[in-house]
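The values are calculated or read from the model by the stated rules, or taken from the named source; none is laboratory data. Quick caveat: nothing in here was measured; it's all calculated off a predicted structure. Neighbour counts run over all protein chains shown; Cβ positions are idealised from the backbone, glycine included. For the accessible areas, the whole protein counts, side chains as well, though only heavy atoms, and no ligand, DNA or RNA atoms are used. Shrake-Rupley method; radii C 1.70, N 1.55, O 1.52, S 1.80 Å.
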Amino acid sequence: MRGLLLLVPALLAAADDPYLEEVRAALDKTAAEGYAFEVKGRRERTGEVKPPGIVTSRMKHYQSARNGEEILVKGPEGLWKTPEERLGEKVERGQDPDAPAIVRTLQQARAPHEILQELLVLVAKGREPQDREVDGLMCKRYLLPFSEEALRKSLDEQMGKAVQAGELERPDKVRWSTARGSVAVYLAKGLLRKVKDERLVELEYKVPDLPPRVLKYKLEWEYDYSSWGKVTLTIPKEIRERLKIKDE
């Protein structure tokens with residue numbers, strides 16, 4: 001409940017912000033048309049979004065198809081199974097050691113515009129856009145800094161997950177005064193073209209008889225959008241039927 005209360009002021013402040021409203025309008029329009037996407041970062045993937053709730057994703061030799069809450073994942077052998085079935089499989093010799101992480105990523109993957117919706121809640125205030133070119137396409141770039149309180153909360157949550165997953169050593173101290181974060185949104189013709197999410201903070205680790213070791217904890221993701229309104233789903237007919245996806 002406390003987290004929800006913290007976000008209410010941000011939502012109220014954004015309600016009358018003309019620049020945030022321009023970004024939200026482009027987000028809604030993009031979501032309504034459907035699009036292809038590419039995610040660049042630690043867990044890179046590509047996929048398509050088709051309204052109202054169909055999302056496909058591909059990572060290495062794996063592909064997922066989601067319709068609402070129902071999801072199936074195709075593995076290197078070509079079979080479609082539920083994520084739970086995939087994660088319960090016995091690890092065979094020669095299998096990709098990243099397979100469980102890939103399946104979990106696909107299981108939890110959401111449409112990029114939904115991720116942007118959550119990021120906009122962290123924004124302190126919109127800013128006037130500037131013209132920027134992306135792959136030959138002229139765009140408006142909105143550089144939107146996160147509020148200090150929301151940034152700290154989001155970093156704290158992500159670091160907690162990373163520590164729990166064994167991906168990050170628990171720090172002895174977090175230098176919150178160094179925390180920085182923003183989301184850059186690029187719009188072209190009233191649609192989302194690119195979104196860059198960047199957050200970082202310095203961490204301290206004690207070292208006997210020496211000054212503390214300082215590391216930067218950084219979250220950096222990039223989401224590219226394309227093929228607006230022209231998405232073709234590469235899903236077999238029998239899988240469409242299992243997921244109750246209507247034929248195009």
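None of 140, 81 is more than 19 Å from residue 222 (Cβ to Cβ) and basic (Lys, Arg) except 81. Each residue in the range 133-163 was checked for being open to solvent by 90 Å² or more (accessible area, probe 1.4 Å) and over 24 Å from residue 202 (Cα atoms), and 4 pass. Considering only the range 134-143, I want to know if a residue exists there that is at pLDDT 95 or above and of a type in the set (D, E, K, R). Yes, the range 134-143 contains at least one residue that is at pLDDT 95 or above and of a type in the set (D, E, K, R).
Could you tell me whether any residue of the range 164-183 is closer than 19 Å to residue 26 by Cβ and either open to solvent by 50 Å² or more (accessible area, probe 1.4 Å) or not polar (S, T, N, Q) (or both)? Checking the range 164-183: at least one residue is closer than 19 Å to residue 26 by Cβ and either open to solvent by 50 Å² or more (accessible area, probe 1.4 Å) or not polar (S, T, N, Q) (or both).
If I ask for residues that are among the small types (Gly, Ala, Ser) and part of a loop (DSSP other than H, G, I, E, B), which ones from the range 93-134 would you list?
Correct list: 94, 109, 111, 124, 126.
Against the numbered list (1) in contact with a strand residue (DSSP E or B) (Cβ under 9 Å, 6 or more places away or on another chain); (2) in a loop (DSSP other than H, G, I, E, B); (3) not β-branched (Val, Ile, Thr), residue 200 comes up short only at (2). Taking every residue in the range 165-182 that is under 28 Å from residue 144 (Cβ atoms) and pairing it with any residue that is among the basic types (Lys, Arg) and surrounded by 13 or more Cβ atoms within 10 Å (Cβ to Cβ), at least 6 positions away or on another chain, the pairs with Cβ-Cβ distances below 9 Å are 174/152; 176/152; 179/152; 179/199; 180/199; 181/199; 182/196; 182/199.
Scanning the range 218-233 for residues that are within 25 Å of residue 42 (Cβ to Cβ), of a type outside the set (D, E, K, R) and either outside any strand (DSSP E or B) or open to solvent by less than 30 Å² (accessible area, probe 1.4 Å) (or both) turns up 219, 223, 225, 227.
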